[in-house]
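These notes are about the structure you will find just below.
No value in this document is a laboratory result; all are computed from the given coordinates. No experiment lies behind these values; they were computed from the predicted model shown. Positions of Cβ are backbone-derived with ideal geometry, glycine not excepted, and every protein chain shown enters the neighbour counts.
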Amino acid sequence: MNNVLLVLSTVAQSPKAIDAALRKAKQTQGRLYVLFVADVDLPKQLFERLEDVGFVGEKPGEELQQALLKEYQHRGEVQIQQMLDRAKQEGIAAEGIFKMGQLAEECVKVIQEKQISDAVITRKRRSFLSRFIFGSTIKKIQDN
């Protein structure tokens with residue numbers, strides 16, 4: 001039995017990736033783990049940039065950052081439940097996992113803890129230059 005991980009993103013959702021994860025779990029009669037990581041780096045980077053240009057002050061930036069993380073958590077819980085409902089309809093054993101932290105780090109932890117054989121991760125298209133400068137979450141996960 002293979003455990004399959006579907007990583008849902010705050011940035012982009014791919015119906016093809018979701019279908020692929022469900023299909024793989026069904027084919028292998030494995031357990032589907034649905035992971036949503038509220039990536040703490042996203043709002044931090046956004047608000048650092050807004051502070052740098054003087055658009056927000058330091059204190060309001062912190063409050064907005066916390067509000068954004070709370071919204072990510074709510075969105076993650078809703079998306080996990082939707083996937084668990086869909087998996088149940090298709091006769092797939094599934095478990096939802098919500099984490100708050102850095103996306104690559106949390107994915108690697110879950111892959112190791114749950115003995116994942118296949119991971120399906122949605123991502124936003126980025127240029128080579130962007131991946132070179134800022135790094136690639138997918139590459140970090142693959143390397144670990």
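Worth a mention:
- Placing pseudo-labels 7 Å out from each Cα toward the beta carbon at residue 13 and residue 86 gives an inter-label distance of 0.7 nm.
- Highest average packing first - 95-102, 64-71, Cβ atoms within 10 Å: 95-102, 64-71
- Modelled label reach - residue 26, point 7 Å along Cα→Cβ, segment 87-101 residues with backbone N closer than 20 Å: 87-96
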